[in-house]
Amino acid sequence: MSKLKLTILTLLILALGIVAFSYLTLRQAQGDKNQNTNVIPVGTGIQETATTTEIDTADWKTYRNEEYGFEFKYPGEWVLNEIENGISVKYSKDWQFGMKQGFSPFSVIITNKSLEGFIKSYEDDFLDGVPLTRIISQEGYILDRQSGTKLIGNNAAGINTYYIFVIYNQKKYLISFNENEEVQRTMLSSFHFLK
């Protein structure tokens, strides 16, 4: 690997670390007084996350996709971006340093990969033989009464990404979200498959 690529990768990892540190510092400064997520066991190894904090969603919009068969609610000021085979929603068009909801979009894609295929592709990022990303947790999960799998991925900077993988009506859904964000947990709890 060239020195330029190594320098760029090092700077990227450093920047991600600064972002994560700033985010965690901001969260701690704001306190967690309104955050209360309970994990409700649904069966052996299967969990469903219930958000107990009330967020007023009266002015939220509903994104509905008839082709892919799902809908969810999202804050009206958030920006929708069509992506290949799905949708991504983030706090604003321009990433803003230190924004509570700013650095991890909520996305839903329809994938052609199996769960094992997704894990393999996620863990297929190496630098000098060392993996840069890996799946650190995998457990059963219920989404809109459908059994699926919750995965936690971790990158070289130590930042976690959360995924839900569910098969419904012969479609494979991959939802990425930030579990540490109350708003994104509420968005996930509003997710419904279209019958």
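What follows is calculated from the coordinates using simple rules that are stated; it is not laboratory data. In this text the structure is predicted, and so the values were computed from the model without any measurement. Virtual Cβ from ideal backbone geometry, glycine too; neighbours counted across all protein chains shown.
If you take the beta carbon distance between His192 and Leu127 as r and set R0 to 30 Å, what does 1/(1 + (r/R0)^6) give as a FRET efficiency, to the nearest 0.05?
Here the calculated transfer efficiency is 0.15.
For Gln138, project a label point 7 Å along Cα to C-beta. Then give me every residue of the stretch 161-194 with its amide nitrogen under 14 Å of that point.
From the stretch 161-194, the list is 163-166.
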